[in-house]
Amino acid sequence: MEMARYAVQRQGARGRQFAEEESRTRTPWQRDRDRVLHSSGFRQLQYKTQVFLNHEGDFFRTRLTHSLEVAQISRSIARTLGVNEDLAEVIALAHDLGHTPFGHAGEDALQAAMKDWGGFDHNIQSLRQVTEIEARYHGFDGLNLTWETLEGLAKHHGPVRRPAPWLASFDGRYPLELSSHASVEAQIAAICDDVAYHGHDLDDGLRAGLLSFEDIEAVPLLKTCLEEARSLNWSGHGAFDRDQRIRHETVRRVINRLVSDLIEQSRKALDELKPQSADDVRHAGRAIVEFSPEMADRNKEIRTFLHARMYRHWRVRRMTRKARIALADICAILGEEPELLPTPWQELALERRRAGNEAAARRVVADYIAGMTDRFAMEEHRRLMDLSVLG
């Protein structure tokens with residue numbers, strides 16, 4: 001299918017940081033996608049928390065399944081709007097590569113530990129993962145992804161007016177036009193992050209018993225979708241089977257309402273702007289891919305509800321508190337004594353400390369911790385804190 005004029009297209013692609021001969025069988029963004037899928041960071045997402053720690057149940061979402069759901073929704077919207085599906089997909093797949101173990105609780109702990117050493121932000125860590133930390137190829141560190149993919153990761157939350165030191169330094173070496181908006185494809189991936197986690201966190205909350213059907217009736221959009229699901233003919237289904245199917249039917253209707261509105265409103269914005277190139281979208285001065293004002297309010301209501309009733313549920317808060325304490329312990333011990341790191345990481349951290357660059361030494365420790373899965377972090381905490389466990 002021919003793409004719209006405002007889509008990112010192969011003819012105008014800006015290449016890669018390190019020159020490579022392009023594939024004869026794949027587009028540049030299909031190649032980016034394949035590199036992300038084969039990366040160690042992507043595999044580690046299967047054991048990183050979305051809301052529930054990995055050992056709490058096999059059916060709850062992880063960062064990996066979250067990323068796959070964001071990618072699926074992104075491709076669908078990109079196809080409908082006539083833009084570059086492959087680019088939208090790879091940005092979606094890569095957007096959480098820098099997430100810590102234990103979800104946002106882990107990020108909070110790492111940010112606190114690194115506050116005097118440049119801080120920590122999982123979005124910047126995702127960019128670092130694909131430009132520095134992955135070590136797979138001859139001739140360069142990272143994955144050497146295309147400019148357009150890196151732009152999408154850097155601008156995940158829109159234009160960056162005051163970049164953090166590392167991002168400012170990288171932008172100085174390889175400018176990403178941080179002050180402008182990103183491409184349509186990157187905007188799609190960013191907003192689909194919200195769509196996906198609102199849908200699957202609602203599903204997981206109901207499955208875990210943290211939320212009930214009666215609870216979600218307090219949110220207008222959720223109530224409408226639940227009533228539609230309940231109105232279907234459920235004769236022949238037992239109570240458990242019926243409730244399980246009603247839960248799924250409700251969630252899929254919520255996602256459909258969000259996606260349908262997003263497509264309609266984005267089409268209106270594109271019709272008004274009449275962009276003739278991807279750069280016209282970047283320099284529009286506002287986001288093009290967005291909800292209608294009414295649906296933006298409904299989406300905000302879902303976010304507020306999930307924060308109040310699910311993310312702050314006492315069962316979730318107990319686990320996140322324990323996770324935050326465990327990661328804070330690991331950060332403190334390894335930050336003070338990098339000699340306790342495994343040999344390759346130890347050598348790198350001590351080399352930087354001997355050179356008088358304590359911030360760089362601490363960053364090595366942060367990279368080591370950020371790359372942990374939930375399971376590995378729990379084992380590492382036991383190895384460092386429990387005398388009965390061999391180091």
Accessible area per residue for segment 222-358 in Å², computed with a 1.4 Å probe and the full protein assembly in place, what is it?
59
Return the calculated 222 nm mean residue ellipticity for the chain, to the nearest 500 deg cm²/dmol, obtained by summing -39500 (n - 2.57) across DSSP H runs with n ≥ 4 and dividing by the residue count.
-19000 deg cm²/dmol
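Is segment 247-333 best put as rounded, prolate or oblate by its Cα gyration tensor, with a ≥ b ≥ c the root eigenvalues, rounded for a/c under 1.5, and otherwise prolate when a/b is larger than b/c, oblate when not? Before the final figure, lay out the partial values.
Details: a/c = 3.65, a/b = 1.75, b/c = 2.08.
Oblate shape, in that a/c is at least 1.5 and b/c is the bigger or equal ratio.
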Taking a ≥ b ≥ c as the square roots of the Cα gyration tensor eigenvalues, with a/c under 1.5 meaning rounded and otherwise prolate when a/b beats b/c, else oblate, which class fits segment 213-267?
prolate
Over 25 Å (Cα to Cα) among Lys223/Lys268; Lys268/Lys300; Lys274/Lys300; Lys300/Lys322; Lys155/Lys268; Lys223/Lys274 -> Lys223/Lys268; Lys274/Lys300; Lys300/Lys322; Lys223/Lys274
For His237 and Glu272, FRET efficiency with R0 = 56 Å and r from the beta-carbon atoms, rounded to 0.05?
0.75
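So with the 1.4 Å probe, I'd like the accessible area per residue for segment 32-122, rounded to whole Å². All intermediate terms of the calculation are to be shown ahead of the outcome.
Working: 3100 Å² over 91 residues.
Counting only protein heavy atoms, the per-residue value for segment 32-122 is 34 Å².
Using a 1.4 Å probe on the protein heavy atoms, what percent of the accessible area of segment 135-292 belongs to carbon and sulfur?
For segment 135-292, the apolar C and S fraction of the accessible surface comes to 47 percent.
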Just need the relative contact order of segment 279-391 here, percent rounded to a whole number, with Cα pairs under 8 Å and 6+ apart.
19
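Taking Rh as the Kirkwood radius, which is the inverse of the mean 1/r over Cα pairs, what is the Rg/Rh value for segment 184-230? Write out the running numbers ahead of the final one.
On the way: Rg = 12.9 Å, Rh = 11.9 Å.
Radius of gyration over Kirkwood radius for segment 184-230 works out to 1.09.
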For a paramagnetic label modelled at 7 Å from the Cα of Glu347 toward its Cβ, which residues of segment 128-146 fall within the zone defined by backbone nitrogen distances under 12 Å?
none
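Rounded, prolate or oblate: which fits segment 1-105 when a ≥ b ≥ c are the square roots of the eigenvalues of the alpha-carbon gyration tensor, with rounded for a/c under 1.5 and prolate only if a/b beats b/c? Working shown, then result.
Details: a/c = 2.93, a/b = 1.79, b/c = 1.64.
Judged from the Cα gyration tensor, segment 1-105 comes out prolate (a/c at least 1.5, a/b above b/c).
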Label-point gap, in nm, between Arg318 and Lys115 - each point 7 angstrom along Cα→Cβ
2.8
Length released on extending from His248 to Asp171, taking residue separation times 0.36 nm less the Cα-Cα span:
23.4 nm
With label points built 7 Å along Cα→Cβ from the Cα atoms of Arg303 and Ser40, find their separation and express it in nm.
3.5
Aspartates and glutamates within cross-link reach of Lys48: Cα-Cα under 13 Å, excluding same-chain residues under 8 positions apart?
Glu56, Asp58, Asp96, Glu107, Asp374
Please turn the phi angles of segment 355-368 into ³J(HN,Hα) values with the Karplus equation 6.51 cos²θ - 1.76 cosθ + 1.60 (θ = phi - 60°), one per residue in order, whole Hz, x for glycine and proline.
7, x, 10, 5, 4, 5, 5, 5, 5, 4, 4, 4, 5, 4
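The values are calculated or read from the model by the stated rules, or taken from the named source; none is laboratory data. All values derive from a computational prediction rather than experimental measurement. Positions of Cβ are generated from backbone atoms using ideal geometry, with glycine treated the same way; all protein chains shown enter the neighbour counts. In case anyone asks, the SASA skips ligands and DNA or RNA and just uses the protein heavy atoms, side chains included. Shrake-Rupley method; radii C 1.70, N 1.55, O 1.52, S 1.80 Å.
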